[in-house]
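Just below is one structure, and these are the notes that go with it.
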Amino acid sequence: MTELSGLFFYLVSVLIAGGIYALLCLALNIQWGMGGLFNAGIVGFFAIGAYTSAILTTPETAKHLGGFELPIFAGLIGAAIIAGVTGWAVARICVRLKSDYLAMASIGIAEILRLVIVNESWLTNGSLGISGIPRPFGEYTAGRPADLVFLAYVWLIVLIVYLVATRLYNSPWGRSLRAIRDNEASAAAAGKNVERFRTQTFVIGCAFMGVAGALSAHYFRFLSPSATDPLLVTFLVWVMLMAGGSGNNRGAIVGALGIWALWSVTEIFTNRLPPEWATRSSFIRMLLVGLLLQYVLQKFRAGILPEKSPPLHFEDEAERPAPEK
Amino acid sequence: MIRLEGICVDFGGLRAIDHVSFDVGAGAITGLIGPNGAGKTTAFNVIAGAVRPTAGRVLFDGEDITGLKPYQRAQRGLARTFQIPHEFYRLTVLENLMAAASAPEGENVFNVVFRRRSFGAEERAIYDHARETIRFLELDHVRDEKAGNLSGGQKKLVELGRALMRDPKIILLDEIGAGINRTLLSKLADKISALNEEKGLTFCLIEHDLDYVSRLCSHVLVMAQGELLTEGTVDAVRNDERVIEAYFGGGKYEAHL
Ligand SMILES: Nc1ncnc2c1ncn2[C@@H]1O[C@H](COP(=O)(O)OP(=O)(O)OP(=O)(O)O)[C@@H](O)[C@H]1O
Ligand SMILES: [Mg+2]
């Protein structure tokens, strides 16, 4: 019985982290899948969101800025705003760059943010981190039931972000954005303000990445610079989107859950390795994930759920004679 | 409608356009001809804003637009097609055309998330316009195909369709005929004349087929080696010695043929 409930709560923890990854993946899908913006600094915006929400919701302490004790939902909103504003500032500088340069610039910015987090202890308590970060409805629940509450909370937010992403995708705005992604010159020749679209896209994506960061801080109740590992955030999220299907919101969620499940399973596997191999386990897992991505992309070139043009709702009336022009 | 004044364009050491000035008259169909590498496409890029001239000014309806970006010029009613098709390759043909239309309500990101009703009528009108254009271009059977999978000629038609979706004042057509079958090409010529006569839509077209040019254009500009060689009616230009020289060799331009 305990074995079974242990397994159940293991599954819950996988689904919570999977939900947070789904958010990141949806955000990246907005930026890359729809907008063609190569954000290789996802972890930077994730970290901004995490620290913003942590600082806004924790009680007063001498160790770092804080004492606002705001409700958690306010922390999430704050995370979205600060990450979005940072994204806006980055976009102001980088949005004109070609995609490979944007990738380099965003890696650099994420690295700068990491150094700020490690070194500005008055703000973040440096490498000692922030503790006592509250959970939503933490006053009413504790222990394992609290995980279930948090699971629902995370997936509620995934649902909201998914709905927003779908509306963005299935709209003239999304269509023009995908047009810009496919050919910037002819989109401009069709009167599209490329920079405006890209800035909006980047800001929206970064805000959602910030929300994901905030949720992860609340989940672990503790936040230190080690939570902002580019390998575990940026790299894995890219793998998820590529495998799931860039340009497809459902694909983003499927990719996030699928890859995270595999990642978790490989942990069980690498834990059984002899001790001299155990230290190398993270590399082995990376290798396995890399091989898997290769396999998926060989089989499904555009990911498991490829990009699909949104339906046009006029088809039923389509055959009526067009108005004279 | 369009006036170039003393335009020069340098690409590194290469002078692609050398002090070119000309007018594209409002309500006319103007041809732009010349041998390969004459600078015709570059001239279009200067008009559309894709290439910034080293010197000179571009006027649109009397207004200096030299400093405007391509999208701003497009919003003022200037449409163009590309010589090498620039389709939105992961969008369907229908989406390619619809994406080209201007959609101020539907491209507002706030409306898209919070006020879905605000752009319904606009979208409907764009859809009808796109369907009509697709029917005219005989692309109905590939309407839901991704544009990247089309043939070269079909992509050209998508280019034209997108330009028509803009409801522009002037369309620059860069070798729209290359790769399109004769029957459709002839229909296109009819449509271009019709649009010109009925709606007063101005055209400027680059084309290598002089018969096609003579069928459509009253006025022709001839470029060679980055210079404006001459202009006039097709017949006058055809018999101009410098033009013959430029096309068939001899004299100043021989070395470049
Ligand atoms: N982006 C560019 N960079 C460098 N050189 C260029 C560029 N675009 C055009 N050129 C050069 O400018 C000259 C004119 O090119 P352009 O494309 O305008 O010729 P064209 O008259 O359109 O020829 P065609 O009939 O073959 O299309 C050519 O020598 C070309 O190599
Ligand atoms: Mg050309």
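Each value in this text was obtained by applying a stated rule to the coordinates, not by laboratory testing. No experiment lies behind these values; they were computed from the predicted model shown. For neighbour counting, all protein chains shown are included, and Cβ atoms are generated from backbone atoms with ideal geometry for every residue, glycine included.
Once the dipole of the protein assembly as shown is set up with Lys and Arg at +1 and Asp and Glu at -1 on Cβ about the Cα centre, which of A:162, A:207, A:118 lies farthest towards its positive end? Most positive-ward Cα: A:118.
By the count of other C-beta atoms within 10 Å, a proxy for reagent exposure, A:97, A:102 are ordered fewest to most as A:97, A:102. Ordering B:82, B:180, B:112 by the projection of their Cα atoms onto the charge dipole of chain B, which places +1 on the Cβ of Lys and Arg and -1 on the Cβ of Asp and Glu, puts B:112 at the extreme positive end. Here chain A is treated with +1 on each Lys and Arg Cβ and -1 on each Asp and Glu Cβ, and its dipole about the Cα centre works out to around 500 debye. Tell me the angle of helix A:72-94 to the major Cα principal axis of chain A, expressed in degrees between 0 and 90 and rounded to the nearest ten. That works out to roughly 50 degrees. Assuming charge only on the beta carbon of Lys and Arg (+1) and of Asp and Glu (-1), the dipole of region B:89-149 about its Cα centre is about 240 debye to the nearest 20. Label reach from residue A:120 (point 7 Å along Cα→C-beta): in region A:225-255, amide nitrogens under 15 Å belong to A:225.
For chain A, the longest principal axis of the Cα atoms and the long axis of helix A:194-220 meet at an angle of about 20 degrees.
Rounded to the nearest 500, the 222 nm mean residue ellipticity of the protein assembly as shown from helices alone is -17500 deg cm²/dmol, with -39,500 (n - 2.57) taken per DSSP H run of at least 4 residues. For region A:1-55, the square roots a ≥ b ≥ c of the C-alpha gyration tensor eigenvalues yield an a/c of 1.5 or more together with a/b not exceeding b/c, which makes the shape oblate.
For a test of the definition: using alpha carbon positions, the gyration tensor, and the 1.5 limit on a/c, classify region A:193-258 as rounded, prolate or oblate. In terms of gyration-tensor shape, oblate. Rounded to two decimals, the Cα-based Rg/Rh of region A:2-299, with Kirkwood Rh, is 0.98. Shape verdict for region B:166-209, please, from the Cα gyration tensor: rounded (a/c under 1.5), prolate (a/b greater than b/c) or oblate. Note, shape of region B:166-209 comes out oblate. Using the alpha-carbon centroid of each, what span in Å lies between region A:205-245 and region A:87-107? Going from one Cα centre to the other spans 19 Å. Per-residue Karplus couplings for region A:151-165, computed as 6.51 cos²θ - 1.76 cosθ + 1.60 with θ equal to phi - 60°, are listed in order as 4, 5, 4, 4, 6, 4, 5, 4, 4, 4, 5, 4, 5, 4, 4 Hz, Gly and Pro entered as x. Straight-line cross-link reach from residue B:199 at under 18 Å between alpha-carbon atoms covers these lysines, not counting any fewer than eight positions away in the same chain: A:325, B:169, B:187, B:191.
Note on residue A:222 and residue A:299: the extension gain reaches 23.7 nm, defined as 0.36 nm multiplied by sequence separation minus the Cα-Cα distance.
Taking the number of Cβ atoms within 10 Å of each Cβ as an exposure proxy, the fewest-first ranking of B:84, A:133 is B:84, A:133.
Residue exposure proxy: A:32, A:277, A:155, ordered by other Cβ atoms within 10 angstrom of their Cβ from fewest to most, comes out as A:277, A:155, A:32.
Think of each Lys and Arg Cβ as +1 and each Asp and Glu Cβ as -1; about the Cα centre, that makes the dipole of the protein assembly as shown roughly 1280 debye. Percent of Cα pairs in region B:89-149 per distance bin of 10 Å, from zero to the largest separation: 24, 44, 28, 5. What is the angle, in °, between the Cα long axis of helix B:120-136 and the longest principal axis of the Cα atoms in chain B? Nearest 10 is fine, range 0 to 90. Approximately 50 degrees, to the nearest 10.
Farthest toward the positive end of the dipole of region A:187-325, out of A:197, A:269, A:243, is the Cα of A:269, where the dipole comes from beta carbon charges about the Cα centre. Evaluated at q = 0.06, 0.09, 0.11 Å⁻¹, the base-10 log of the normalised Debye intensity for the protein assembly as shown, with identical point scatterers placed on the Cα atoms, takes the values -0.40, -0.78, -1.01. Comparing chain B with the 2.2 N^0.38 Å rule of thumb, its C-alpha radius of gyration ratio is 1.06 (two decimals). Once you list every other residue whose beta carbon is under 15 Å from the beta carbon of residue A:241, what net charge do they have if Lys and Arg are +1 and Asp and Glu are -1? In short, +2. Taking amide H positions as modeled 1.01 Å from N, with prolines and chain starts lacking one, the residues under 5 Å from residue B:80 and 5 or more places away or on another chain are B:172.
For region B:71-86, 3J(HN,Hα) computed residue by residue from phi via the Karplus equation (6.51, -1.76, 1.60; θ = phi - 60°) reads 5, 5, 5, 4, 5, 8, x, 9, 10, 8, 10, 9, 4, 8, x, 10 Hz, glycine and proline entered as x.
Residues whose amide H falls under 5 Å from that of residue B:229, counting only those 5 or more places apart or on a different chain, are B:222, B:223, B:224, with hydrogens built in the peptide plane.
In order along region B:87-99, phi translates into HN-Hα couplings of 6, 7, 6, 9, 9, 6, 4, 4, 5, 4, 5, 5, 5 Hz, rounded to whole numbers, per the Karplus curve 6.51 cos²θ - 1.76 cosθ + 1.60 with θ = phi - 60° and x for Gly and Pro. Summarising the amide proton neighbourhood of residue A:65: residues at separation of 5 or more, or on other chains, whose placed amide H is nearer than 5 Å comprise A:123, A:124, A:125.
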